[in-house]
Amino acid sequence: LVERMREWGVPGVGQSSWGPAVYGFANDDEDAAALVERVREHVGPDAAIYAGGFANTGARVWRAPATRDHRED
């Protein structure tokens, strides 16, 4: 599916590790809807397909306070 989406000219495609998710980026809602239909035709009606936006605010990383795994007697 990743190769097929590249052939279709999708601006960005990828796969989660070894799968099972494949993703593609679209320029706008109209292109996204067309891509969803094309993917559905390619993979069949039983595939789960999600189309939606994503957070564009960046990631936040923090270190949690240390915890104790055992009690001292």
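The values are calculated or read from the model by the stated rules, or taken from the named source; none is laboratory data. In this text, all values refer to a predicted model and were calculated from it rather than measured experimentally. For neighbour counting, all protein chains shown are included, and Cβ atoms are generated from backbone atoms with ideal geometry for every residue, glycine included. These accessible areas exclude ligands, DNA and RNA; they are computed on the full protein's heavy atoms, side chains included. Shrake-Rupley method; radii C 1.70, N 1.55, O 1.52, S 1.80 Å.
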For the chain, with every protein chain kept in place, what is the accessible area per residue (1.4 Å probe, Å²)? 94 Å²
Would you mind getting me the FRET efficiency between Tyr50 and Arg4? Use the beta-carbon distance for r and R0 = 25 Å, nearest 0.05. 0.90
Give me the angle, in degrees from 0 to 90, between the Cα long axis of helix 29-43 and the longest principal axis of the Cα atoms of the chain, rounded to the nearest 10. 80 degrees
When the accessible area of the chain is split by element with a 1.4 Å probe, what percent falls to carbon and sulfur? 49 percent
With a ≥ b ≥ c the root eigenvalues of the C-alpha gyration tensor of the chain, is it rounded (a/c under 1.5), prolate (a/b larger than b/c) or oblate? prolate
If you stretched the chain out fully between His42 and Val61, how much longer would it get, using 0.36 nm times the residue separation minus the C-alpha to C-alpha distance? 3.0 nm
Please state the relative contact order of the chain as a whole percent: Cα pairs under 8 Å, 6+ residues apart? 16 percent
Treating only the Cβ of Lys, Arg, Asp and Glu as charged (+1, +1, -1, -1), what charge dipole size does the chain show about its Cα centre? Round to the nearest 20 debye. 320 debye
Sort 13-24, 41-52, 56-67 by the packing proxy (mean of other Cβ within 10 Å over each peptide's residues), most packed first. 13-24, 41-52, 56-67
